[in-house]
1. Against the condition touching a strand residue (DSSP E or B) at 6+ places or on another chain (Cβ under 9 Å), outside any helix (DSSP H, G or I), surrounded by fewer than 16 Cβ atoms within 10 Å (Cβ to Cβ) and among the small types (Gly, Ala, Ser), how does Gly54 come out, does it pass?
2. So, in region 1-32, of the ones that are out of contact with any Ser or Thr (no Cβ under 6 Å at 6 or more places or on another chain), of a type in the set (A, V, I, L, M, F, W, C) and outside any loop (DSSP other than H, G, I, E, B), which residue ends up nearest to His45 (Cα to Cα)?
3. If you go through region 33-51, how many residues are part of a strand (DSSP E or B) and either in contact with a Cys (Cβ under 7 Å, 6 or more places away or on another chain) or touching a residue at least 24 places away in the same chain (Cβ under 8 Å) (or both)?
4. Within region 17-51, can you find the residues that are surrounded by fewer than 18 Cβ atoms within 10 Å (Cβ to Cβ) and within 18 Å of Glu65 (Cβ to Cβ)?
Amino acid sequence: MDGRNRKNIQIGDLVEIVQKHHQRTGELTEGFVKRILTSAPNHPHGIKVMLATGEVGRVKRVIEE
């Protein structure tokens, strides 16, 4: 599922994010959403979240379980 709409993301969801320092390579990090940091309903580069591990990045994909 698309990570550009806030309504698609819930706390506890398994997601793939791209961290700021991986934006050039596009390397994705997988984890569970701890906090949703973007307050806007959508964002063209993805909703910014914090994972349970403390890593912060923009959601590229919500993984369906």
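1. On the way: touching a strand residue (DSSP E or B) at 6+ places or on another chain (Cβ under 9 Å): yes; outside any helix (DSSP H, G or I): yes; surrounded by fewer than 16 Cβ atoms within 10 Å (Cβ to Cβ): yes; among the small types (Gly, Ala, Ser): yes.
Considered against the rule, which asks whether it is touching a strand residue (DSSP E or B) at 6+ places or on another chain (Cβ under 9 Å), outside any helix (DSSP H, G or I), surrounded by fewer than 16 Cβ atoms within 10 Å (Cβ to Cβ) and among the small types (Gly, Ala, Ser), Gly54 comes out as yes.
2. Of everything passing the filter in region 1-32, Val18 is nearest to His45 (Cα to Cα).
3. Looking only at region 33-51, we keep the residues that are part of a strand (DSSP E or B), and these are 33-36, 42, 48-51.
From what is left, the residues that are either in contact with a Cys (Cβ under 7 Å, 6 or more places away or on another chain) or touching a residue at least 24 places away in the same chain (Cβ under 8 Å) (or both) are 33, 35-36, 42, 49, 51.
Residues meeting the conditions: 6.
4. Initially, region 17-51 is screened for residues surrounded by fewer than 18 Cβ atoms within 10 Å (Cβ to Cβ), giving 19-30, 32, 34-45, 50.
Within region 17-51, Leu28, Thr29, Glu30, Phe32, Lys34 qualify.
We did not get these values from a lab; they are worked out from the coordinates using the rules stated. Please read these numbers as outputs of a predicted model, since none were measured by experiment. Virtual Cβ from ideal backbone geometry, glycine too; neighbours counted across all protein chains shown.
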